[in-house]
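Colleague: I am attaching a structure below and will ask some questions about it afterwards.
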Amino acid sequence: MRTLLLSLLFATALTAGTYGQSVTISGTITDADTGEPLLSANIYNAETLKGTTSNVYGFYSLTQPGGSVPFTVSFTGYKTFRTELNLSKDTTLNVELQPVIELEEVVVSAQSPLQNIKSSEMSTIHLSPSKTEMVPALLGETDIIKTLQLMPGTQAGTEGTSGFYVRGGSPDQNLILLDGVPVYNVNHLFGFMSVFNSDAIRNVTLTKGGFPARYGGRLSSVLDIRMKEGNNKEFKGEASIGLISSKLTLEGPIVKDKTSFMVSGRRSYIDILSYPIQMKVNSESDDENYWLGYFLQDFNAKVNHIFNDKHRIYLSLYTGKDKFFMNDKYEYKEEDVWDQGYETFTYKNKDKAGLQWGNTTGALRWNYIINNRLFANFTGTVSNYKFSIFEDYEEEQISNQTNEKERSDFYYEYYSQIKDYSIKADFDFFPSPAHHIRFGAQNTLHYFSPGVTVNQESYLNSEAVTDTTYGNKNLESNEFLLYAEDDITVNDILKFNIGLHYSAFNVQGQTYQSLEPRLSARVMLTDRMSVKASYSQMQQYLHLLANSSMGLPTDLWVPATKKIKPQDSWQGALGLSYSPHPDYEISLEGYYKKMNGLIDYKEGASFFELNQGNWEDLVTSGTGKSYGVELLTQKHGGTLSGWVGYTLSWANRQFEDISFGKEFPFKYDARHNLSVVSTIRFSEKTDMGVTWVYRTGYPLTIEDESYRSVFGFFREDNTQHYYSDYAEIDHFENRNNYRMPDYHRLDVGVNFHKKKKRVDRTWSFGLYNAYGRNNPFMIYRDQEWDETKQQEVTRLKQLSIFNIIPYVRWSIKF
């Protein structure tokens, strides 16, 4: 690592020396209306066309020869800023860009097509989350992850769910960061919604390959989500009411141009709306009070303060929870009889049970502009994810003769939890227009509770109380990383991003280490066409024990241990990018990825055995590989806009203890995946979104044959009739040996806007699965009587859960 850093600095010094007497212009680029920093805004010398882009906090640094220099600052959706400076010394220039009239079409990329083509990054999607409202969604709930599922290389899991699978990888191989903090479970409503409230989000970047050295710890992707900083100019707000949930976002200055805030909340109301109905039913019973419900809630908050041009501090918080619960109150009377007489008792019972899961994350960040070429960002973070199943039961026994009371209590909880505490330092160094160097370090403490059962019980006021905790042992680990990378512009044709990522993971006295090279290259063939290539190695020290296909919270996080090794992978990609017109962009990429150290449950093992405290004995390790081709065509402007994405891919797994060691397709291996997304702007008041998706069916396991194992013969008394007991034994040669039917769906949505002086109102109406396709949610076996054969036969049946689903949503911005 030190050798690489020294070589980068040496190359930088050589390049910087060619500029002779040079000066540096630096500063921040922000939105003039909100004060939000603009990521990847362009600033360049209008004569030489040499320039740079702003980082995620809006900071830029550009070294130029002295004298009179014309500068241009541009960003998609904003008016271009031009100025001419007479540079005789280092200069600070903070630029506020004015937004143009807000574009009504979906903007997939926050960068212009030419900027994407000229960049050294590849396999990367930049998403403007405020534009996802144009894409029709299940039940009208706009969702960033649902939009990402429509991009090539990413795909959905089970019908309607918000999980995503990138280039043949598993959900645990996606590093999902909210303001730089890992989020370990992104599912609401049992996977049908994600935890990310688009109203609270500023920008989203998904990296599928060609990973920069600053990212690590996962094999398949990095989803970097940044929350809004808060408007430091004026008070703003937005709210919406949908079929499932409502949300409200407020932001504004605490001290104008200095301190701002942003708060956003979302809650569902299924439990509240159903409560009166359930109470009406309960009123017909004298002794019962039963309430069954479910809710989800999110809360995002952020405060940031500008001390001066060099120092800025941010505090961000997210907390979210899902809870499925049952509350039951009832009473009854019972009579006990014995030799001396009898006594009657009244029993009052309270029973609470449920399933709940949620995330809490927090980040404290300090931006420090050390000098006009060096930018520092120091961050402290905490992340906590917990899933639990619980029951809390109490019974009060009251004697109707003596009025004496005795109480019995029972409490049960099974939970799994992962907590992280992290500190990180990141630096951006701009020695010359030819180099953008990033380097930094991070240390994370992980605390795992991979499956703990708690039993507490007392009976009739007894002093003997049962209090037992058992299950898998808690585990602690420490993860450290160090990285350095340089974005090098050799000339107008050739550009590189070269870096090295080092990580170490200490657990149970065992230390795993990894040195991971990263390389991306771009070659300009013409002014509008480039060829890109990348290679990256990754190591992952965390595993997810996945028991279902729906992303349920029973999927448990566990670390690499002495017995279970880390995951690792390498990936290579080659691509072509072309922009025939400023509004059009075409990209074609091929990739190959090899993975080692994957884990899965052994044949017959499952989540339900984890409370025995032996999760390491329930899993087996294996390998995986995936490869494919991705095509993305985009139109960014005009009345009709959108994109078409197509993926041709293969994804396979192989485990020694599964399918007799034979290779089998991954459960989300889909050969063909096609998405067509279009938005039509009829006028300033009316627009429409249409989405059509198609993919080949996912694999599933069905027995090749089934036979009966007889384990006993019995004869009915005084007869000659014999009976036998038997068990059905299923046999299959290979896992995932069949495929579901192909999947396709059309979604349509229409938005009606009305703008008043200070309020913009929108009504949204739409149809999910507009032509009523019965897509498979699951395939199962069923016994039926066959009249022709005059016997019971086994047939496969399909369960579909979503047919035509209408939605309506009302929203305002003020």
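Colleague: In segment 600-634, which residues are touching a His at 6+ places or on another chain (Cβ under 9 Å) and either at pLDDT 90 or above or within 30 Å of residue 126 (Cα to Cα) (or both)?
Modeller: Of everything in segment 600-634, nothing turns out to be touching a His at 6+ places or on another chain (Cβ under 9 Å) and either at pLDDT 90 or above or within 30 Å of residue 126 (Cα to Cα) (or both).
Colleague: Then there's this: Quick one: in segment 682-701, which of the residues that are in a loop (DSSP other than H, G, I, E, B) and polar (S, T, N, Q) is farthest from the chain's Cα centre (by Cα)?
Modeller: Across segment 682-701, the extreme among qualifying residues is 683.
Colleague: Return yes when residue 383 is more than 30 Å from residue 90 (Cα to Cα), in contact with a helix residue (DSSP H, G or I) (Cβ under 9 Å, 6 or more places away or on another chain), among the small types (Gly, Ala, Ser) and assigned by TED's automatic domain parsing to the domain that holds residue 544 and no when it is not. Full working, then the answer.
Modeller: On the way: more than 30 Å from residue 90 (Cα to Cα): yes; in contact with a helix residue (DSSP H, G or I) (Cβ under 9 Å, 6 or more places away or on another chain): no; among the small types (Gly, Ala, Ser): yes; assigned by TED's automatic domain parsing to the domain that holds residue 544: yes.
Judged against the criteria, residue 383 is not a match.
Colleague: Identify the residue in segment 768-814 that is in a loop (DSSP other than H, G, I, E, B) and of a type in the set (D, E, K, R) and, among all such residues, is farthest from residue 748 (Cα to Cα).
Modeller: Filtering segment 768-814 for residues that are in a loop (DSSP other than H, G, I, E, B) and of a type in the set (D, E, K, R), the one farthest from residue 748 (Cα to Cα) comes out as 789.
Colleague: Scan segment 422-444 for residues that are of a type in the set (A, V, I, L, M) and touching a helix residue (DSSP H, G or I) at 6+ places or on another chain (Cβ under 7 Å) and jot them down.
Modeller: Going residue by residue through segment 422-444, those that are of a type in the set (A, V, I, L, M) are 423, 425, 434, 437, 441.
If the condition is that a residue be of a type in the set (A, V, I, L, M) and touching a helix residue (DSSP H, G or I) at 6+ places or on another chain (Cβ under 7 Å), then 434, 437 are the ones that fit.
Colleague: Just checking, which of 270, 201 is surrounded by fewer than 18 Cβ atoms within 10 Å (Cβ to Cβ) and aliphatic (A, V, I, L, M)?
Modeller: 270
Colleague: Still on this structure: Of the residues 503, 408, only one is surrounded by 16 or more Cβ atoms within 10 Å (Cβ to Cβ), modelled with pLDDT under 95 and of a type in the set (Gly, Ala, Ser); which?
Modeller: 408
Let's see how each residue does on (1) part of a strand (DSSP E or B); (2) within 17 Å of residue 474 (Cβ to Cβ):
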position: 390; (1), (2): yes, no
position: 395; (1), (2): yes, no
position: 403; (1), (2): no, no
position: 407; (1), (2): yes, no
position: 418; (1), (2): yes, yes
position: 424; (1), (2): yes, no
position: 443; (1), (2): yes, no
position: 446; (1), (2): yes, yes
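Colleague: Here are some residues: 764, 800. Which one is under 30 Å from the mean Cα position of the chain (by Cα), hydroxyl-bearing (Ser, Thr, Tyr), surrounded by 12 or more Cβ atoms within 10 Å (Cβ to Cβ) and at pLDDT below 90? Give the derivation first.
Modeller: Working: 764 fails: at pLDDT below 90.
The unique qualifying residue is 800.
Colleague: Condition test on residue 469, is it part of a strand (DSSP E or B), surrounded by fewer than 15 Cβ atoms within 10 Å (Cβ to Cβ) and assigned by TED's automatic domain parsing to the domain that holds residue 119? Explain how you work it out, then say what you get.
Modeller: On the way: part of a strand (DSSP E or B): yes; surrounded by fewer than 15 Cβ atoms within 10 Å (Cβ to Cβ): yes; assigned by TED's automatic domain parsing to the domain that holds residue 119: yes.
Yes, satisfied.
Colleague: Taking segment 359-395, which residues are small (Gly, Ala, Ser) and either in contact with a Ser or Thr (Cβ under 6 Å, 6 or more places away or on another chain) or touching a residue at least 60 places away in the same chain (Cβ under 8 Å) (or both)?
Modeller: Keep residues of segment 359-395 that are small (Gly, Ala, Ser), which gives 362-363, 376, 380, 383, 388.
If the condition is that a residue be small (Gly, Ala, Ser) and either in contact with a Ser or Thr (Cβ under 6 Å, 6 or more places away or on another chain) or touching a residue at least 60 places away in the same chain (Cβ under 8 Å) (or both), then 362, 363, 383 are the ones that fit.
Colleague: Return the only residue of 643, 650 being over 18 Å from residue 168 (Cα atoms), outside any loop (DSSP other than H, G, I, E, B) and not small (Gly, Ala, Ser).
Modeller: Result of the check over 643, 650: 643.
Colleague: Looking at 433, 450, which is the one that is surrounded by 21 or more Cβ atoms within 10 Å (Cβ to Cβ), within 28 Å of the chain's Cα centre (by Cα) and modelled with pLDDT under 95?
Modeller: 450
Colleague: Suppose we keep only residues that are under 24 Å from residue 66 (Cα atoms) and of a type in the set (A, V, I, L, M, F, W, C) within segment 85-101. Which one would you say is surrounded by the most Cβ atoms within 10 Å (Cβ to Cβ)?
Modeller: Per the stated criteria, the residue is 95.
Colleague: Consider residue 701 carefully, then state whether it is among the hydroxyl-bearing types (Ser, Thr, Tyr), modelled with pLDDT of 90 or more and in contact with a strand residue (DSSP E or B) (Cβ under 9 Å, 6 or more places away or on another chain).
Modeller: Numbers: among the hydroxyl-bearing types (Ser, Thr, Tyr): yes; modelled with pLDDT of 90 or more: no; in contact with a strand residue (DSSP E or B) (Cβ under 9 Å, 6 or more places away or on another chain): yes.
Answer is no for this residue.
The values are calculated or read from the model by the stated rules, or taken from the named source; none is laboratory data. None of the values given here were measured: they were computed from a predicted structure. As a convention, Cβ positions derive from the backbone with ideal geometry for all residues, glycine included, and neighbour counts pool all protein chains shown.
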